[in-house]
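What follows is one structure encoded as structure tokens, with my remarks underneath.
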């Protein structure tokens with residue numbers, strides 16, 4: 001059982017890296033030797049916290065994770081969402097003290113990989129190092145896109161953009177089909193990610209629904225009108241750099 | 001523990017957008033603050049798009065009593 005979950009973890013990581021970078025058979029074989037310590041973590045639980053000095057990275061196998069920072073008064077800003085196959089705290093491999101918090105949103109299956117093992121595999125396999133570097137750069141590109149949204153887009157545009165982004169990212173790892181995907185977040189999480197009040201998020205979602213752009217059923221998002229939603233959110237997938245050969 | 005439910009009605013010059021579902025908040029103060037933030041966010045969006053925001057948000061408690069009305073006002077000069 002555990003062995004199967006570890007294999008599942010390797011495949012998740014490989015699927016994710018192959019969605020953004022070109023890897024050879026030897027690279028894949030090396031990734032499959034990485035020891036992964038699988039854990040189930042309840043919802044809304046901090047995995048690593050600001051100030052921590054982690055000795056391992058966490059690979060998301062199942063669920064959804066966010067990175068966040070909170071003001072002194074306690075107002076949280078969600079900085080990013082992470083989907084299965086992501087290593088949301090990959091930076092801790094080179095930046096030893098955490099400058100933000102990584103937490104689960106729904107309950108998650110996580111795979112912990114020792115820094116020493118990741119360091120060895122990136123030293124011995126330059127393609128893997130390049131893939132992880134590319135992933136880090138894409139991560140930064142996503143932050144830039146979010147910054148544009150938070151600073152310059154309207155509430156509706158931010159929401160539309162986020163729902164398009166999540167659709168594209170989940171599709172790349174085989175978790176979105178026909179515009180339907182799981183997004184197990186609360187409206188408070190969405191508000192904290194989009195820099196909006198909870199009431200505003202609620203109103204915007206109602207509006208997008210009424211306009212026939214999407215349907216929401218608990219945590220299942222169904223995009224009914226991709227054209228309309230991506231036009232509203234001015235969503236252009238270039239910043240996700242999902243074509244490994246470009 | 002169930003939290004009290006509040007309703008947020010958006011008033012436009014030509015129509016009212018009623019809220020039949022409402023949202024739960026720990027107390028009236030939080031609900032009122034949420035409505036104020038929402039009004040500010042909507043005014044920002046309108047201003048960024050070069051539009052005038054003409055409207056109000058009303059917060060109703062579970063009994064249907066209006067506990068806050070935030071309006072956007074531009075005085076005629």
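Relative to the longest principal Cα axis of chain A, at what angle does helix A:115-124 sit, 0 to 90 degrees, rounded to 10?
70
Work out Dmax and Rg for chain B from the C-alpha atoms and quote the Rg first, both in angstrom.
Here Rg and the maximum Cα pair distance are 13.4, 51 Å.
To the nearest 0.05, what FRET efficiency results for residue B:67 and residue A:210 with a Förster distance of 35 Å applied to their C-beta separation?
Values: r = 26 Å, r/R0 = 0.75.
It comes to 0.85.
With 10 angstrom as the radius, rank A:220, B:30 by how many other C-beta atoms surround their C-beta, starting from the fewest. Please report the intermediate quantities before stating the final value.
Numbers: A:220 12, B:30 15.
Final ranking by Cβ density, sparse to dense: A:220, B:30.
If I model a spin label at residue A:77 and residue A:43 as a point 7 Å from the Cα along the Cα→Cβ vector, what separation in nanometres do I get?
2.7
Hey, rough spin-label estimate for residue B:12 and residue B:47, points 7 angstrom out along Cα→Cβ, what's it come to in nanometres?
For residue B:12 paired with residue B:47, the spin-label model returns 2.2 nm.
Taking all pairs of different Cα atoms in chain A, averaging 1/r and flipping that mean, what Kirkwood radius in angstroms comes out?
Details: mean 1/r = 0.0538 Å⁻¹.
About 18.6 Å for chain A.
Helix A:126-152 versus the longest principal axis of chain A: what is the Cα-based angle in degrees, 0 to 90, to the nearest 10?
Once rounded, one gets 20 degrees.
Note the angle between two axes, namely the Cα long axis of helix A:2-18 and the longest principal axis of the Cα atoms of chain A, as a number of degrees from 0 to 90, rounded to the nearest 10.
Rounded to the nearest ten degrees, it is 70.
Cα centroid distance between segment B:12-60 and segment A:89-115, in Å?
Result: 37 Å between the Cα centres.
Using only helices, what value at 222 nm comes out for chain A when you add -39,500 (n - 2.57) per DSSP H run of length 4 or more and divide by the total residues, to the nearest 500 deg cm²/dmol?
Working: 8 runs with 107 residues, N = 246.
Calculated at 222 nm, the ellipticity per residue is -14000 deg cm²/dmol.
Across bins of 10 angstrom width beginning at 0, how are the C-alpha pair distances of segment A:1-55 distributed, in whole percent?
19, 37, 34, 9
For chain A, calculate the relative contact order in percent as a whole number, restricting contacts to Cα pairs under 8 Å that are 6 or more residues apart. Let's see the in-between values first.
Numbers: 425 pairs, mean separation 55.5, N = 246.
Across chain A, relative contact order equals 23 percent.
Since every read-out is calculated from the coordinates, none of them should be taken as a lab result. What you see is a predicted model; the values in this text were computed from it and never measured. Methodologically, a virtual Cβ is constructed for each residue, glycine included, from the backbone with ideal geometry; neighbour enumeration extends over all protein chains shown.
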